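Read the structure below first, then the notes.
Every number in this text was worked out from the coordinates using simple rules, so none of it is lab data. Just so it is clear, the structure is predicted and the values come from calculations on it, not from any experiment. Using ideal geometry, Cβ is built from the backbone for each residue, glycine included, and neighbour counts are taken over all protein chains shown.
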């Protein structure tokens, strides 16, 4: 058997001539090591191991499709990914913006302009239209009612109930880590009994189907377990006056950063644009759905505010609801307006 040290002692010529014997005589885990070393150290082998000389496999079944190897198919895919990667770089700050604002930022970048011209096939492309098309294919609304059709909302409520029960379990388990002298301390046995009494078994929530989502792109980005894979989140209904393009944020923002951005946008629309309760409702729905996650992951005491951030944003939400004479039940019942059809 040829060990890794033996491979190191070979000359480049020996490695070439003994490649297959080396791999045949080496156990499976060491074969990979030997193969990678040969690829790394020998120029000829490295050349033929490049992706350009390999057959590409596509789709879940691994079916080889020669059509997908053509430049006409591959180049637009690569350019589209490049353009989306570039647009993401403008969204990393914890803020919201419109598609028009994003397009304006990209418009002044020479590299973006060059790739976009190749992608669209013209130097006179409309940046706002292009950015809107790219973002639309890789965004999902923040509000559940804007992601799912009304018939699928009971599934989302079932997921919320499961998350609430899991948080209750975590709160009980956390008491087992307290000092035994603490009056809230629980032994593991007492914690199990308390969970069985007050929580019980937690059922598995239902999986989503393609027909549950309002758009096919949401389904392809989220799937049956609603796992986020999109680049941007959106706030339908939050469009500012004079700019009807979609309001978006970077999907890489955590719950606290999203809440900060949404709260800021809400105050701006309320104070600068004079929005009433009905106009502000979609923004408050988005914030309301974030509150449980803020209290779970971001409820540490903030030294500047002197308050826990999850509690702070819940207080902000409740105060806005009080001023607007809205209830949380009204937020839960909110649905986006039906899309207009026909000519304007």
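Just a few scattered comments:
- Panel values: region 231-344, Kirkwood radius from alpha carbon pairs, Stokes-Einstein at 37 °C and 0.692 mPa s, translational diffusion coefficient 218 µm²/s.
- Inter-centroid distance (Cα atoms) of region 254-315 relative to region 136-155, Å: 20 Å
- Measuring r between the beta carbons of residue 202 and residue 307 and using R0 = 41 Å, the FRET efficiency lands at 0.85.
- Extension reserve of the residue 167-residue 193 stretch, reckoned as 0.36 nm per residue once the Cα distance is removed: 7.7 nm
- By average C-beta atoms within 10 angstrom, highest first, the peptides 242-254, 185-197: 242-254, 185-197
- Cα-based shape type of region 163-234, given that a ≥ b ≥ c are square roots of the gyration tensor eigenvalues and the cut on a/c is 1.5: prolate
- Förster radius 25 Å - calculated FRET efficiency between residue 220 and residue 92, Cβ distance, rounded to 0.05: 0.55
- The peptide list 292-301, 164-173, 126-135, put in order of mean Cβ contacts within 10 Å with the highest first, becomes 126-135, 292-301, 164-173.
- Note on residue 123 and residue 40: the model spin-label points, each 7 Å out from Cα along the C-beta direction, lie 4.7 nm apart.
- Dividing the Cα radius of gyration of region 154-204 by 2.2 N^0.38 Å, with N the residue count, gives 1.31.
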